[in-house]
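Presented below is the structure to which this report refers.
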Amino acid sequence: MSFEELGVSKNIADALKRMNVVEPTDVQRESIPVILTGKDAIVRAKTGTGKTIAFLVPMIQQAAKHHTHVQPHILVLAPTRELAVQISGVASRITDRRLVVTVYGGASINIQIDALRRGAELVVGTPGRVIDLIERGALKLSSVEHLVIDEADVMLDMGFIEDLEYIMDKTPETKQTVMLSATMPKDIIEVSKRKMRNHQMISVGDSDEITVKSIKHMYGIARGIQKFHMLLAYIDEYKPQKGIIFAQTKRESDILHSFLIEQGHDAILLHGGLTQAHRSKSLSRFKQGAKFMIATNVASRGLDISGITDIINFDIPDSPYVYVHRVGRTARMGKEGRAFSIISNDQVGIVKDIEFEARIRMEKVYLDTKKYADVQVNMGGRGGFRDSSHGRPGRFHGETHRHGETHRHGGDYRGHRYGKPIEKGSRYHR
């Protein structure tokens, strides 16, 4: 079935052809006709299946009927700045790029305000910066007819629930709302009951396909400095062509990055503590050929990077949902991939939880680490390496901010939430 047969206009279908997108994927075939009707929808499909085009195409087509773009008709919310930029990039190739505005923390808010003043058809942004712009009166949502919450399960897992509801309440009740997610936790169902109108559920693929059946899931047991030796042994044994290595905190990411560089590996770094320019440069280098990306959870939020063969969890996540999103960076669009996690003996229970919730089997592998026993790890003079299996804080400890932004409300931390002082000790006090 072609895009035209799904009801897509010739102009947009031609734009997709210029992007080498000729035949719709399963999620696009299922979603585009429904979204074109204006109906609310929850779309569940595994990562790497083409969900971005599935919601952008029908919404841009519907918004094309407007001849003025003083205020946005489409608002897309994404959990991180990288994903927001990625979505905007796709939108700019489908419609007039001058009508697409991207807003996120870590970048000049004044430049974003100026862009909004010039007019926008579609705004893509992270919740923190969107709220800041709303409070400043720079972003008005009264004309929004289509609202998208991308990576909805990740947004809720990151603690965005109140931010999302605040933004949704600023939009017209008559708007169309579409949520997209790889998994379907209860929180999404609860939000949909409160905020959506007779929505249609679109589920593509069997529920046990969420983690991608073509991934080989493995784990090895090590602790402390031995984890570095096991990492080298895995690289030597399996020879990843291109991989993402996840660490729990920014500091551990920094140490891992320096360690791999010292061992002669081509590696780049990505976490919430870096400037936007640094993060953009790192992503560009990784896409252009760097072998490894060392990252915190910010890199698991929907980024579309092709050719990733291996996901390595230097620190295994506590949550099966976080595990799903991490490993979803490989085996995209039906390709095969590997996921390897390094755990300690007392983290076997986490493996069992992931196996049960994600309906997978994680194979225990034995790697020859003896040859690396004398390899030293430079801690940068900041003390010993903290074993993440003991006394580990929450999953997003060590990020500059839980939203993957440099500061609350996009880089201008003011000690306020929605104009009200933040009480010391509350979940928003930092």
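The values are calculated or read from the model by the stated rules, or taken from the named source; none is laboratory data. Given the structure is predicted, the values throughout are model-derived calculations rather than measurements. Quick reminder, even Gly has a Cβ in these numbers, built from the backbone with ideal geometry, and neighbours come from all protein chains shown.
Residues in region 15-27 that are surrounded by 13 or more Cβ atoms within 10 Å (Cβ to Cβ) and of a type in the set (D, E): D26 alone. When you scan region 185-195, do you find a residue that is touching a Ser or Thr at 6+ places or on another chain (Cβ under 9 Å), within 23 Å of R44 (Cα to Cα), surrounded by 21 or more Cβ atoms within 10 Å (Cβ to Cβ) and among the polar types (S, T, N, Q), even just one? No: zero hits.
Look at region 135-160: where a residue is on the phi > 0 side of the Ramachandran plot and part of a loop (DSSP other than H, G, I, E, B) and a partner is surrounded by fewer than 19 Cβ atoms within 10 Å (Cβ to Cβ) and of a type in the set (K, R), sitting 6+ places away or on another chain with Cβ atoms under 9 Å, you get G159/R427. Within region 300-323, track down each residue that is at pLDDT 75 or above, out of contact with any Leu (no Cβ under 9 Å at 6 or more places or on another chain) and under 25 Å from D236 (Cα atoms). Listed by number, the residues that qualify are S306, G307, I308, T309, D310, I311, N313, D315, I316, P317, Y323.
Screening I305 on (1) buried (at least 20 other Cβ atoms within 10 Å of the Cβ); (2) within 30 Å of E355 (Cβ to Cβ) shows it passes everything except condition (1).
Filtering region 113-134 to residues that are closer than 28 Å to I32 by Cα, part of a helix (DSSP H, G or I) and under 16 Å from the mean Cα position of the chain (by Cα) leaves only P127. Close contacts from region 253-277, counting a first residue that is under 23 Å from Y104 (Cβ atoms) and in the same structural domain as M293 (by TED's automatic domain parsing) and a second that is small (G, A, S) and modelled with pLDDT under 85, with Cβ to Cβ under 7 Å and a gap of 6+ residues or different chains, come to L270/A299; G272/G404; T275/G106; Q276/G106. Within the set L283, L269, L274, the sole residue that is out of contact with any helix residue (DSSP H, G or I) (no Cβ under 6 Å at 6 or more places or on another chain) and not in a helix (DSSP H, G or I) turns out to be L274. Looking at I202, is it part of a helix (DSSP H, G or I) and assigned by TED's automatic domain parsing to the domain that holds I74? So I202 does not fit the description; no.
Here L147, L139 are screened, and the one residue that is modelled with pLDDT of 95 or more, among the hydrophobic types (A, V, I, L, M, F, W, C), assigned by TED's automatic domain parsing to the domain that holds R44 and farther than 20 Å from M179 by Cβ is L139.
Is region 360-369 home to any residue that is crowded, with 20+ Cβ neighbours inside 10 Å, within 15 Å of the chain's Cα centre (by Cα) and at pLDDT below 90? Looking through region 360-369, none of the residues is crowded, with 20+ Cβ neighbours inside 10 Å, within 15 Å of the chain's Cα centre (by Cα) and at pLDDT below 90. Of the residues making up region 57-107, those that are within 19 Å of the chain's Cα centre (by Cα) and assigned to a loop (DSSP other than H, G, I, E, B) are A78, P79, T80, Y104, G105, G106, A107. Note on region 157-189: among residues that are of a type in the set (D, E) and over 25 Å from Q28 (Cα atoms), the one that is farthest from the chain's Cα centre (by Cα) is E173. If you check I294, I225, I244, I255 for being surrounded by fewer than 18 Cβ atoms within 10 Å (Cβ to Cβ), closer than 23 Å to N378 by Cβ and among the aliphatic types (A, V, I, L, M), only one passes: I225.
The single residue among A91, A120 that is without any contact (Cβ under 8 Å) to a residue 60 or more places away in the chain, within 23 Å of P24 (Cβ to Cβ) and in contact with a Leu (Cβ under 8 Å, 6 or more places away or on another chain) turns out to be A91.
For region 236-266, enumerate the residues that are assigned to a helix (DSSP H, G or I), farther than 14 Å from A290 by Cβ and β-branched (V, I, T). If the condition is that a residue be assigned to a helix (DSSP H, G or I), farther than 14 Å from A290 by Cβ and β-branched (V, I, T), then I255 is the only one that fits.
Sort through I12, I35 and tell me the only one that's in the same structural domain as V144 (by TED's automatic domain parsing), within 21 Å of Q200 (Cα to Cα) and either not in a helix (DSSP H, G or I) or not small (G, A, S) (or both). Residue meeting the stated conditions: I35.
Among the numbered conditions (1) modelled with pLDDT of 90 or more; (2) assigned to a helix (DSSP H, G or I), the only one that M333 does not meet is (1).
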